[in-house]
Ligand code: SF4
Ligand code: SF4
């Protein structure tokens, strides 16, 4: 999600683990999240390669963001929420940071994801699994189009085993250490009870966190 209006000729980039070494030493949960995102991205990469062998062409690319406007109920899990909050507060800088902080403060009437700035995802390295998993082939989505409903055959079906493994990696963070218990929660879908709808969350409090962080840094 959120990446040109024409099908891209460049392949999906090879999945890479992003390291935030200093932060990860202080925030062990961040390593779990980044591992889970690597597994998710590996699954997407494999899924896209399979479809490309069938002659499909990935349409998603930077600056293509209709999906970030038309999808109103993107799920986000608590660990993901921590990652998004951390990234916006501690990593984002410059004009993008200012724009995001202002947007989060004034969300009334906004018809897009709170993190979409100038048609680019401001938190792209830590965007949720749901965003990572939504990929469309053949042509870019029209304004307001949710390709899942208008042309399901053009939407990537994520490879389940990768998403399951990403959840498996995250579950110990929620206190589910037992492997069999984790498997059960994933198989039954119980895991998804943890999810919240991104647009329903109180993002003004994140804007305040960002300002508090700036004040602390300027002392
Ligand atoms: S899902 Fe649709 S709108 Fe979103 S990046 Fe892909 S082609 Fe563009
Ligand atoms: S977090 Fe928001 S802006 Fe980023 S990819 Fe997801 S929907 Fe788009």
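Read the figures in this text as sums done on the coordinates, not as results from a lab. From a predicted model like this one, the values you see are computed outputs, not experimental measurements. Here the Cβ positions follow ideal geometry from the backbone for every residue, glycine too, while neighbour counts run over all protein chains shown.
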Residue count, segment 133-161, condition part of a loop (DSSP other than H, G, I, E, B) and either surrounded by fewer than 19 Cβ atoms within 10 Å (Cβ to Cβ) or away from ligand 2 (no atom under 13 Å from the Cβ) (or both), comes to 13
Within segment 177-191, is there a residue that is farther than 25 Å from residue 31 by Cα and in a helix (DSSP H, G or I)? yes
Residue check: is residue 207 touching a helix residue (DSSP H, G or I) at 6+ places or on another chain (Cβ under 6 Å) and under 30 Å from residue 93 (Cβ atoms)? yes
Is there a residue being in a loop (DSSP other than H, G, I, E, B), under 21 Å from residue 43 (Cβ atoms) and either more than 14 Å from the chain's Cα centre (by Cα) or more than 14 Å from ligand 2 (Cβ to nearest atom) (or both) anywhere in segment 116-132? no
Note: among 80, 51, 24, just one is touching a helix residue (DSSP H, G or I) at 6+ places or on another chain (Cβ under 8 Å), away from ligand 2 (no atom under 12 Å from the Cβ) and not in a loop (DSSP other than H, G, I, E, B), namely 24
Residue 99 meets each of (1) outside any loop (DSSP other than H, G, I, E, B); (2) surrounded by 15 or more Cβ atoms within 10 Å (Cβ to Cβ) with one exception, condition (2)
Of the candidates 100, 57, the one satisfying the condition of being farther than 15 Å from residue 200 by Cα and away from ligand 2 (no atom under 14 Å from the Cβ) is 57
